[in-house]
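**Q** My questions all concern the structure below.
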Amino acid sequence: MAEAALATERPATAASAAPLLTVRGLEAWYGESHVLHGIDLDVRSGEVVTLLGRNGAGKTTTLKSIMGMLPKRKGSVVFEGKELMHLPARHIAKAGIAICPEERGVFASLSVQENLMLPPKVRDGGLSVPQIFELFPNLKERLSSQGTKLSGGEQQMLAIGRILRTGANLLLLDEPTEGLAPVIVQQIGHTIARLKKEGFTIVLVEQNFHFASSVADRHYIVEQGRTVDMIENSELDANMDKLHAYLGV
Amino acid sequence: MIDLLGIPPQALFGQLLLGLINGAFYAILSLGLAIIFGLLNIINFAHGAQYMLGALVSWMLLNYLGINYWWALLLVPIIVGFTGVVLERVLISRLYHLDHLYGLLLTFGLALIIQGFARNYYGISGLPYTIPSQLAGGQNLGFMFLPNYRGWVVVASLAVCITTWFVIEKTKLGAYLRAATENPSLVGAFGINVPRMITLTYGFGVALAAFAGVLAAPIYSVNPNMGADLIIVVFAVVVIGGMGSILGSILTGFGLGLVEGLTRVFYPEGSAVVIFVIMALVLLVKPAGLFGRTA
Ligand SMILES: Nc1ncnc2c1ncn2[C@@H]1O[C@H](COP(=O)(O)OP(=O)(O)O)[C@@H](O)[C@H]1O
Ligand SMILES: [Mg+2]
């Protein structure tokens, strides 16, 4: 791939010390059921951070709560110095956060092209459509297809691709490799590394632990709606036993 | 003149035209219901009353303010659509977190209130609305006489239906609407103002009903019950076409109008029930409707 062609206005910084996202004491509810009991995260600009944890631990709920997609939540979410807790999802999107949801959220009644162009631009610095095609050449061939007629991998590329256009600089990716063939998983891994290099900051929920360790700087462990630990990717090998205990593998 | 199956062509084509006219109203009204149902997930029982309101407001504009038919065609959908916007903001939007049944009860109650007021102030005898002079008279087509106004109703409603279909299926605005119909929470998370879209969609659906009401005023006299009678058939049309399908409501609306017209020619006794019989058959064979997506 021609690296230069992807250059954008975004300063291509490596992970810097500036905190981009700070989450403190985040709690959330689905109706009456209290699901998150205290999530604390610090994500620095340019980092890739994962949320690891068993099924039902609250990882998806954490991403949705940051995005403002749950009606009842509590605590603090500060992004670029701005408290987001009391904003509706559409204002959080405009602040520069974008989500690629767990079920991919490709719209069946929209063509690939319409799906790709759906999220409005929220600020400058997003990738252009040709740049997105360069990352995901398959999409270009399938523009007029119905969104859900794409293969699982292509739908995942579409779900990621469409949020790169908007100018959001914090991407919340919920299990982008789920159910995909190894070769596609690898391609998505390259894409994440590439986006990191471009200066995007990424919070990644991942079941595939090997995948997570290949792309992330740090890992937060989520257990029963709480962040219980944080492990630097570089210290992962030394903490294998602990991690296995957390994840029950 | 030759007869077709023993039916004089004048009668056959006359009934077909009548069927097409009825079909035009079925199509616009079921289209509005389909759009509202798609995004708001409520069955707008006030739709018939809002159609009647369209006709009544045209009559009021003409008789109180001297505003003619052509202006009414433009102004009435805006005025009545705006009352829809207010209703959605003030009342309907409070029910979204509750069961669909509440929306149905609310809009049903609103229909009774609107119709009750109209009956109270204007009686039930019907108010005449003259055909605009430009569309008076008709064409002798040889095989039948085509009143100009009826031809205009078919053309105008087709144009409105096709434009609406185009906007929803082929434009960016329509893509937002389709996406929000599927997954409003994700569309909101992309930065789109979904609550405002819902309000405007309801207003637009109501405006369509009001537009049909303006078209209807010169054909049927303006009567507080005109919507209540029609809307029952329109609900059957919606069930046959499939709840929520845009193209389905248009095609089913016009198609069933024609079927009803044909029935009136060949088996007049059945014309009042033919749509309901078809509804029963469709429900047996394809419960989601002819154009419905099965969930
Ligand atoms: N829509 C929902 N309504 C009620 N409970 C839910 C809903 N979605 C998730 N939950 C519950 O919330 C908890 C956390 O779920 P989730 O955040 O999806 O976990 P994870 O993504 O870590 O697998 C689980 O116990 C799950 O059953
Ligand atoms: Mg999950």
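The values are calculated or read from the model by the stated rules, or taken from the named source; none is laboratory data. Nothing here was measured: the structure is a model prediction, and the numbers come from that model. Here the Cβ positions follow ideal geometry from the backbone for every residue, glycine too, while neighbour counts run over all protein chains shown.
**Q** Which residue, of B:LEU62, B:LEU91, is in contact (Cβ under 8 Å) with a residue 12 or more places away in the chain, surrounded by 15 or more Cβ atoms within 10 Å (Cβ to Cβ) and not small (Gly, Ala, Ser)? Quick ask: steps written out before the conclusion?
**A** On the way: B:LEU91 fails: surrounded by 15 or more Cβ atoms within 10 Å (Cβ to Cβ).
After ruling out the rest, the residue left standing is B:LEU62.
**Q** Which residue, of B:LEU247, B:LEU258, B:LEU251, is at pLDDT below 90, closer than 30 Å to B:LEU284 by Cα and surrounded by fewer than 20 Cβ atoms within 10 Å (Cβ to Cβ)? Don't jump to the end; show me each part of the working.
**A** Numbers: B:LEU258 fails: at pLDDT below 90; B:LEU251 fails: at pLDDT below 90.
Unique residue meeting the criteria: B:LEU247.
**Q** Listed residues A:GLU198, A:GLU154, A:GLU206; which is at pLDDT below 95, more than 16 Å from ligand 1 (Cβ to nearest atom) and within 26 Å of A:VAL49 (Cβ to Cβ)? Walk me through it before giving the result.
**A** Numbers: A:GLU154 fails: within 26 Å of A:VAL49 (Cβ to Cβ); A:GLU206 fails: more than 16 Å from ligand 1 (Cβ to nearest atom).
Answer to the selection: A:GLU198.
**Q** So which of A:ARG162, A:ARG194 ends up being more than 16 Å from ligand 2 (Cβ to nearest atom), among the basic types (Lys, Arg) and under 19 Å from A:MET69 (Cβ atoms)? Before you say what the answer is, go through the steps one by one.
**A** Working: A:ARG194 fails: under 19 Å from A:MET69 (Cβ atoms).
The unique qualifying residue is A:ARG162.
**Q** Do you know which of the residues in region A:54-70 that are within 12 Å of chain B (Cβ to nearest Cβ) and within 11 Å of ligand 1 (Cβ to nearest atom) is nearest to B:HIS97 (Cα to Cα)?
**A** Residues of region A:54-70 that are within 12 Å of chain B (Cβ to nearest Cβ), as a first pass: A:63-70.
Going one step further and asking which of them are within 11 Å of ligand 1 (Cβ to nearest atom), we end up with A:63-65, A:69-70.
Numbers: A:LEU63: 22, A:LYS64: 19, A:SER65: 19, A:MET69: 15, A:LEU70: 13 Å.
Ranking the qualifying residues of region A:54-70, first place goes to A:LEU70.
**Q** Evaluate the following for A:ARG162: is it touching a residue at least 24 places away in the same chain (Cβ under 8 Å) and either over 18 Å from A:LEU51 (Cβ atoms) or of a type in the set (Gly, Ala, Ser) (or both)? If you could, list the steps in order and put the result at the bottom.
**A** Details: touching a residue at least 24 places away in the same chain (Cβ under 8 Å): yes; either over 18 Å from A:LEU51 (Cβ atoms) or of a type in the set (Gly, Ala, Ser) (or both): yes.
Answer is yes for this residue.
**Q** Within region B:113-129, identify whether any single residue is charged (D, E, K, R), under 24 Å from B:VAL234 (Cβ atoms) and assigned to a helix (DSSP H, G or I), and answer yes or no.
**A** So the first thing to find is which residues in region B:113-129 are charged (D, E, K, R), and the list is B:119.
Then drop every residue that is not under 24 Å from B:VAL234 (Cβ atoms), which leaves B:119.
Next cut, assigned to a helix (DSSP H, G or I) only: B:119.
Yes: one or more hits.
**Q** Looking only at residues in region B:173-189 that are part of a helix (DSSP H, G or I) and of a type in the set (S, T, N, Q), which one is nearest to B:VAL80 (Cα to Cα)?
**A** B:THR181
**Q** Another one. Residues that are out of contact with any His (no Cβ under 6 Å at 6 or more places or on another chain) and free of Cβ contacts under 8 Å to residues at least 40 places away in the same chain: which strands (runs of 3 or more DSSP E) entirely in region A:195-249 hold 1 or more of them?
**A** Working: elements: A:201-205, A:218-223, A:226-232.
Qualifying strands (runs of 3 or more DSSP E): A:226-232.
**Q** Can you find a residue in region A:61-76 that is under 13 Å from the mean Cα position of the chain (by Cα) and farther than 24 Å from A:ASN208 by Cβ?
**A** No - not one qualifying residue is present in region A:61-76.
**Q** Among (1) in a helix (DSSP H, G or I); (2) hydrophobic (A, V, I, L, M, F, W, C); (3) within 30 Å of A:HIS91 (Cβ to Cβ), where does B:ILE192 come up short?
**A** Every condition holds for B:ILE192 apart from (1).
**Q** Separate question: What's the number of the only condition in (1) more than 9 Å from chain B (Cβ to nearest Cβ); (2) in contact with an Asp or Glu (Cβ under 6 Å, 6 or more places away or on another chain); (3) in contact (Cβ under 8 Å) with a residue 24 or more places away in the chain that A:ASN138 fails to meet?
**A** Unmet condition: (3).
**Q** Let me ask you something else. When the residues of region A:97-115 are narrowed to those that are more than 7 Å from every other protein chain (Cβ to nearest Cβ) and not in a loop (DSSP other than H, G, I, E, B), which ends up farthest from A:ARG44 (Cα to Cα)?
**A** Looking at the filtered set, the residue picked out is A:SER111.
**Q** With A:ARG226, A:ARG218, A:ARG165 as the choices, which residue is crowded, with 16+ Cβ neighbours inside 10 Å, among the charged types (D, E, K, R) and in contact with a Lys or Arg (Cβ under 8 Å, 6 or more places away or on another chain)? Reasoning before the result, please.
**A** Values: A:ARG226 fails: in contact with a Lys or Arg (Cβ under 8 Å, 6 or more places away or on another chain); A:ARG218 fails: in contact with a Lys or Arg (Cβ under 8 Å, 6 or more places away or on another chain).
When all the criteria are applied, what remains is A:ARG165.
**Q** Moving to a separate point now. Just to be sure, is A:GLN224 away from chain B (no Cβ under 14 Å), within 20 Å of A:SER65 (Cα to Cα), within 16 Å of ligand 2 (Cβ to nearest atom) and modelled with pLDDT under 90? Break it down into steps so the answer makes sense when it comes.
**A** Values: away from chain B (no Cβ under 14 Å): yes; within 20 Å of A:SER65 (Cα to Cα): yes; within 16 Å of ligand 2 (Cβ to nearest atom): yes; modelled with pLDDT under 90: no.
No.
**Q** Checking the condition aliphatic (A, V, I, L, M) and buried (at least 24 other Cβ atoms within 10 Å of the Cβ), which residue from B:VAL237, B:VAL274 passes? Give the derivation first.
**A** Working: B:VAL274 fails: buried (at least 24 other Cβ atoms within 10 Å of the Cβ).
From the options B:VAL237, B:VAL274, the qualifying one is B:VAL237.
The rows are residues; the columns are (1) surrounded by fewer than 21 Cβ atoms within 10 Å (Cβ to Cβ); (2) more than 8 Å from chain A (Cβ to nearest Cβ).
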position: B:LEU173; (1), (2): yes, yes
position: B:ALA180; (1), (2): no, yes
position: B:ASN183; (1), (2): yes, no
position: B:ALA189; (1), (2): no, no
position: B:LEU200; (1), (2): yes, yes
position: B:GLY203; (1), (2): no, yes
position: B:GLY213; (1), (2): no, yes
position: B:PRO218; (1), (2): no, yes
